[in-house]
Amino acid sequence: MARLLLRRLLGVVLLLALGWFGWVYLQIKAVAGHDEARPADAIAVFGAAEYGGRPSPVLHARLDHAVELYRMQMAPLVITLGGGSDLDKGMTEGGVGRDYLLANGVPFEQIVAETRSVDTEQQVRRLAEIARERHLNSIVVVSDGTHLFRVRKLCQDAGLTVYTSPRGPLGHIDDYDLSLRYFHEMLSYTLLRLHVNIGWLHGRADA
């Protein structure tokens with residue numbers, strides 16, 4: 001009898017877990033496939049890896065998209081997010097992003113470089129601080145499509161009004177790699193809602 005009850009309980013838990021992860025997957029996919037960009041007070045670029053002062057391909061694509069939005073006059077200010085580690089020799093994702101924007105015609109006074117955060121949650125906290133300091137009421141957030149559902153939820157929790165705008169594609173992404181990205185975000189969001197520290201899962205800001 002006890003064994004039967006345990007099996008039924010495990011079955012219910014499994015169904016609930018499948019339902020939850022199915023819902024999260026659909027939310028991630030919906031946000032990833034929709035560009036909400038519209039006129040706002042600022043554009044925020046979430047950090048990704050930099051290599052010796054040069055943006056990684058992922059960060060490059062995010063910054064290119066931010067430049068495109070700026071040229072479309074979506075916002076007068078661009079915020080680059082992301083710090084560095086001891087191995088980066090003083091380089092930061094936010095600083096590298098600022099330099100890239102300058103090289104692509106965005107004026108210095110129209111850029112804010114945040115250089116202390118090391119993961120998505122910290123980037124959102126720093127973004128919220130910058131928004132309060134500068135009285136920013138709405139922000140277009142730029143990152144990878146699969147990353148933006150979690151970014152939007154974190155921003156909403158921080159009291160920010162944001163519009164998600166995914167970067168452009170980087171070549172061909174096979175089904176395996178795409179599945180890993182979805183799994184990463186599904187797990188990250190689940191642990192976030194369970195209030196589990198997920199810094200170990202990312203190491204640094206999402207790349």
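The values are calculated or read from the model by the stated rules, or taken from the named source; none is laboratory data. Since the model is a prediction, treat every value here as computed from it, not as a measurement. A quick note on method: Cβ atoms are made from the backbone with ideal geometry, for glycine too, and the neighbour counts reach across all protein chains shown.
Would you mind stating whether Val141 is closer than 25 Å to Met91 by Cα and modelled with pLDDT of 95 or more?
yes
From the list Arg3, Arg8, Arg98, Arg62, pick out the single residue that is surrounded by 21 or more Cβ atoms within 10 Å (Cβ to Cβ) and free of Cβ contacts under 8 Å to residues at least 24 places away in the same chain.
Among Arg3, Arg8, Arg98, Arg62, only Arg98 is surrounded by 21 or more Cβ atoms within 10 Å (Cβ to Cβ) and free of Cβ contacts under 8 Å to residues at least 24 places away in the same chain.
Out of (1) touching a residue at least 40 places away in the same chain (Cβ under 8 Å); (2) in contact with a Pro (Cβ under 9 Å, 6 or more places away or on another chain); (3) surrounded by fewer than 21 Cβ atoms within 10 Å (Cβ to Cβ), the odd one out for Glu93 is which?
(3)
Here's the yes/no breakdown for (1) assigned to a helix (DSSP H, G or I); (2) in contact with an Asp or Glu (Cβ under 6 Å, 6 or more places away or on another chain):
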residue: Trp20; (1), (2): yes, no
residue: Tyr25; (1), (2): yes, no
residue: Glu36; (1), (2): no, no
residue: Ile43; (1), (2): no, no
residue: Ala61; (1), (2): yes, no
residue: His65; (1), (2): yes, no
residue: Leu69; (1), (2): yes, no
residue: Gly90; (1), (2): no, no
residue: Gly94; (1), (2): yes, yes
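Among His184, His172, which is part of a helix (DSSP H, G or I) and of a type outside the set (A, V, I, L, M, F, W, C)?
The unique qualifying residue is His184.
Hey, Leu170 hits all of (1) within 14 Å of the chain's Cα centre (by Cα); (2) of a type in the set (A, V, I, L, M); (3) surrounded by fewer than 13 Cβ atoms within 10 Å (Cβ to Cβ) but one; which does it fall short on?
(1)
In the range 169-186, which residues are of a type in the set (A, V, I, L, M, F, W, C) and either touching a strand residue (DSSP E or B) at 6+ places or on another chain (Cβ under 6 Å) or farther than 21 Å from His65 by Cα (or both)?
Matches in the range 169-186: Leu180, Phe183, Met186.
Please enumerate the residues belonging to the range 60-112 that are within 18 Å of the chain's Cα centre (by Cα) and among the β-branched types (Val, Ile, Thr).
Val67, Val78, Ile79, Thr80, Thr92, Val96, Val112
Condition check ((1) closer than 30 Å to Gly22 by Cβ; (2) of a type in the set (S, T, N, Q); (3) in contact with a helix residue (DSSP H, G or I) (Cβ under 8 Å, 6 or more places away or on another chain)) across all residues:
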residue	(1), (2), (3)
Glu109	no, no, no
Leu148	yes, no, yes
Pro166	yes, no, yes
Gly171	yes, no, no
Asp174	yes, no, no
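Within the set of pairs 6 or more residues apart or between chains, which connect a residue that is under 20 Å from Lys153 (Cβ atoms) inside the range 12-41 to a residue that is of a type in the set (D, E, K, R) with Cβ atoms less than 6 Å apart?
What qualifies is Ile28/Glu185.
What's the number of the condition Gln73 fails, among (1) assigned to a helix (DSSP H, G or I); (2) exposed (fewer than 13 other Cβ atoms within 10 Å of the Cβ)?
Going through (1) assigned to a helix (DSSP H, G or I); (2) exposed (fewer than 13 other Cβ atoms within 10 Å of the Cβ) one by one, Gln73 breaks only (1).
Mind listing whichever residues of the range 149-167 are in a helix (DSSP H, G or I) and surrounded by 20 or more Cβ atoms within 10 Å (Cβ to Cβ)?
Passing the criteria: Phe149, Arg150, Val151, Arg152, Leu154, Cys155.
Which one is surrounded by the most Cβ atoms within 10 Å (Cβ to Cβ), of the residues in the range 113-148 that are touching a Gly at 6+ places or on another chain (Cβ under 7 Å) and under 14 Å from Gly83 (Cβ atoms)?
Gln123
Quick one: in the range 178-207, which of the residues that are of a type in the set (D, E, K, R) and crowded, with 17+ Cβ neighbours inside 10 Å is modelled with the lowest pLDDT?
The qualifying residue modelled with the lowest pLDDT is Arg204.
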